[in-house]
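The values are calculated or read from the model by the stated rules, or taken from the named source; none is laboratory data. Owing to the predicted nature of the structure, the values given are computational and were not obtained by experimental measurement. Note: ideal-geometry Cβ built from the backbone for every residue, glycine included; neighbour counts use all protein chains shown.
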């Protein structure tokens, strides 16, 4: 019984902490430059093909964007699943994408740091790079969020989403998102 109560306490704390994280609020988003993010792998609010999930090759989908603000110095992308049972599950944290890049190719390497300065953080499994959708039950939503920043971030790699959000909090010039859906068969 003590173990069950302890587990419930841990899950409750995780959910509580998750709700208090610094994210772009609706009000901030309404007053912020709108960045468009797309994918040739799937359309917004449509199913993510199994190829990009734990039931397929688990490679990252292709993403591209436009309408980046003029003074952008770097781009960050976070993919997460707010429908996970124990709170938001982080699938991808990638940042310091040069502003002249307009896409991430399919099957982007899961390296901590790239030759062009791109860095990748840790997903919720504490691995670097993309982790495909793998919901335990039902259909989940996967948010691919893009942030245009006014600086290149002077931080290490292998960081968590919360660390990235904290560092870039006052540097966001523009924001956008797209959603993919997935349910295991």
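Among the residues of region 161-176, the ones that are touching a strand residue (DSSP E or B) at 6+ places or on another chain (Cβ under 8 Å) and either without any contact (Cβ under 8 Å) to a residue 60 or more places away in the chain or surrounded by fewer than 18 Cβ atoms within 10 Å (Cβ to Cβ) (or both) come to 1 in all. Sub-9 Å Cβ pairs linking a first residue in region 69-96 that is in contact (Cβ under 8 Å) with a residue 12 or more places away in the chain and on the phi > 0 side of the Ramachandran plot to a second residue that is crowded, with 19+ Cβ neighbours inside 10 Å and assigned to a strand (DSSP E or B), at least 6 apart or interchain, are 96/74; 96/75; 96/76; 96/119; 96/149, ordered by first then second residue. Yes or no: residue 54 modelled with pLDDT of 95 or more and within 15 Å of the chain's Cα centre (by Cα)? No: the conditions fail for residue 54. Tell me, please, whether a residue that is under 13 Å from the mean Cα position of the chain (by Cα) and more than 15 Å from residue 37 (Cβ to Cβ) can be found in region 93-107. So far as region 93-107 goes, yes, one or more of its residues are under 13 Å from the mean Cα position of the chain (by Cα) and more than 15 Å from residue 37 (Cβ to Cβ).
Conditions tested, residue by residue: (1) surrounded by fewer than 20 Cβ atoms within 10 Å (Cβ to Cβ); (2) within 21 Å of residue 47 (Cα to Cα).
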| site | (1), (2) |
| --- | --- |
| 76 | no, no |
| 82 | yes, yes |
| 89 | no, yes |
| 97 | no, no |
| 105 | yes, yes |
| 130 | no, yes |
| 137 | yes, yes |
| 141 | yes, yes |
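Out of the residues in region 35-49 that are in contact (Cβ under 8 Å) with a residue 24 or more places away in the chain and within 14 Å of residue 185 (Cα to Cα), state the one that is surrounded by the fewest Cβ atoms within 10 Å (Cβ to Cβ).
Step one: of region 35-49, the residues in contact (Cβ under 8 Å) with a residue 24 or more places away in the chain are 35-42, 44-48.
Next, from what is left, pick out any that are within 14 Å of residue 185 (Cα to Cα): 47-48.
On the way: 47: 12, 48: 22.
The qualifying residue surrounded by the fewest Cβ atoms within 10 Å (Cβ to Cβ) is 47.
Checked against (1) without any contact (Cβ under 8 Å) to a residue 12 or more places away in the chain; (2) farther than 17 Å from residue 87 by Cα, residue 107 passes all but condition (1). Within region 157-182, the set of residues being outside any strand (DSSP E or B) and farther than 25 Å from residue 71 by Cβ comprises 158, 160, 162.
Scanning region 72-86 for residues that are touching a helix residue (DSSP H, G or I) at 6+ places or on another chain (Cβ under 6 Å) and farther than 13 Å from residue 120 by Cβ returns a single hit, 86. The condition of being in a loop (DSSP other than H, G, I, E, B) and modelled with pLDDT under 60 holds for only one of 43, 21, that being 21.
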